[in-house]
1. Across the stretch 109-140, which residue is nearest to ALA72 (Cα to Cα) among those that are open to solvent by 60 Å² or more (accessible area, probe 1.4 Å) and of a type in the set (Phe, Trp, Tyr)?
2. For the stretch 42-122, which strands (runs of 3 or more DSSP E) that fit wholly inside it have 3 or more residues that are modelled with pLDDT under 95, under 19 Å from the mean Cα position of the chain (by Cα) and not small (Gly, Ala, Ser)?
3. Report whether or not ASN23 is surrounded by 10 or more Cβ atoms within 10 Å (Cβ to Cβ) and either touching an Asp or Glu at 6+ places or on another chain (Cβ under 9 Å) or at pLDDT below 90 (or both).
Amino acid sequence: FAVRQSASARAQSQQMAATSHVNEVFGSHYHELALCATLTHWEKSPDYVEVALQGGWYKANVLQNFAAEDPAELNIVGGETVFVDGDSPSPPGWSLVMRELDPNTTGLVPAAFVSSIDFSVVAREDFAPRCAGELPFTTG
């Protein structure tokens, strides 16, 4: 029994030493990646923008009125602003939209009744990547 404990203790000690070595080599790298993933570099956007931009939503103008004929559809009014889900599959010719001012109201509308809003991005300051996969950009 004493010999088995000794072999078991020796194996456990070797495993702990190997784990410690891996943590020394990779620990700081993974810690840096975790910090980059969780740091906020810019001011917080309004809540509805945060909701809308998750999962491929984009802003669009409603071109004309549409009266829903099915519970899955949404009444919309020409001139209204909505967010369109660009990632989720919708029936051909239809788009899933969310009201800009009420992110809890969603439904299908004819795709031809909405037009995406062009936009530009202007950087407030230069940004140098700190993690793999980040994109550098300059002010302006």
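1. Per the criteria, the residue is PHE119.
2. On the way: elements: 57-62, 81-85, 94-99, 106-110, 114-116.
Those strands (runs of 3 or more DSSP E) span 57-62, 81-85, 94-99.
3. Working: surrounded by 10 or more Cβ atoms within 10 Å (Cβ to Cβ): yes; either touching an Asp or Glu at 6+ places or on another chain (Cβ under 9 Å) or at pLDDT below 90 (or both): yes.
It is true that ASN23 is surrounded by 10 or more Cβ atoms within 10 Å (Cβ to Cβ) and either touching an Asp or Glu at 6+ places or on another chain (Cβ under 9 Å) or at pLDDT below 90 (or both).
The values are calculated or read from the model by the stated rules, or taken from the named source; none is laboratory data. Since we're looking at a predicted model, the values are computed, not measured. In this analysis, Cβ positions are derived from the backbone assuming ideal geometry, glycine residues included, and neighbour counts consider all displayed protein chains. For the accessible areas, the whole protein counts, side chains as well, though only heavy atoms, and no ligand, DNA or RNA atoms are used. Shrake-Rupley method; radii C 1.70, N 1.55, O 1.52, S 1.80 Å.
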